[in-house]
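The structure appears right after this line, and notes come after that.
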Amino acid sequence: EDDSCLNDALNDADGDEVCDSVDSCPGDSLNDEDGDGICDSIDSCPDDVLNDGDSDGICDEDDSCLNDALNDADGDEVCDSVDSCPGDSLNDEDGDGICDSIDSCPDDVLNDGDSDGICDEDDSCLN
């Protein structure tokens with residue numbers, strides 16, 4: 001039988017066709033399939049060369065909020081890194097520029113124009 005790994009007593013112990021003397025992942029037959037420098041046997045994202053860039057526990061290939069460790073903490077389908085109202089799942093439903101969590105008139109785009117404490121949508125005496 002021919003010795004495929006001359007001067008290598010272990011030869012190719014993991015059967016990956018790479019001699020153990022030059023195998024960057026000895027004992028790991030999959031080696032480093034995605035080329036990220038982490039052997040697949042210990043790679044938490046074995047098919048993702050970028051791995052988990054923001055350390056949120058989600059591999060970048062599956063992460064809808066890349067480079068955003070908080071992702072979408074309030075569940076409003078807007079990544080926290082671009083959410084104008086982080087922590088407010090309703091955001092600004094009336095579009096007045098005030099997040100609903102602090103908007104005294106969350107359903108009234110005009111809010112309280114005459115500052116009488118009554119939202120304009122309910123105020124019978126505007127101005």
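The values are calculated or read from the model by the stated rules, or taken from the named source; none is laboratory data. The structure presented is a predicted model; accordingly, all values stated were derived computationally and were not measured. Here Cβ is always computed from backbone atoms with ideal geometry, including for glycine, and neighbour counts include all displayed protein chains. The area values use the complete protein model at the heavy-atom level, side chains included, leaving out ligands, DNA and RNA. Shrake-Rupley method; radii C 1.70, N 1.55, O 1.52, S 1.80 Å.
Using a 1.4 Å probe on the protein heavy atoms, what percent of the accessible area of the chain belongs to carbon and sulfur?
Ligands and nucleic acids excluded, carbon and sulfur give 49 percent.
Rounded to the nearest 20 Debye, what is the dipole magnitude of the stretch 1-103 about its Cα centre when Lys and Arg each give +1 and Asp and Glu each give -1 at the C-beta?
So the dipole magnitude of the stretch 1-103 works out to roughly 340 debye.
When the expected Rg is taken as 2.2 N^0.38 Å, what fraction or multiple of it is the alpha-carbon Rg of the stretch 1-61?
Working it through for the stretch 1-61, the quotient is 1.39.
Fully extended, how many nm does the chain gain between I102 and D62 (0.36 nm per residue separation, minus their Cα-Cα distance)?
Separation in residues times 0.36 nm, less the Cα-Cα distance, equals 11.1 nm.
Roll a 1.4 Å probe over the protein heavy atoms and report the accessible area of D96 in Å², nearest 10.
Counting only protein heavy atoms, D96 exposes about 40 Å² to solvent.
Rounded to the nearest 0.05, what FRET efficiency is calculated for D122 and S89 with R0 set to 30 Å and r the Cβ-Cβ distance?
0.80
How big is the C-alpha Rg of the chain next to the rule-of-thumb value 2.2 N^0.38 Å, as a ratio?
Ratio of Rg to 2.2 N^0.38 Å for the chain: 2.06.
Can you work out the base-10 log of I(q)/I(0) for the stretch 70-123 at q = 0.28 1/Å, using the Debye formula on its C-alpha atoms alone?
-0.98
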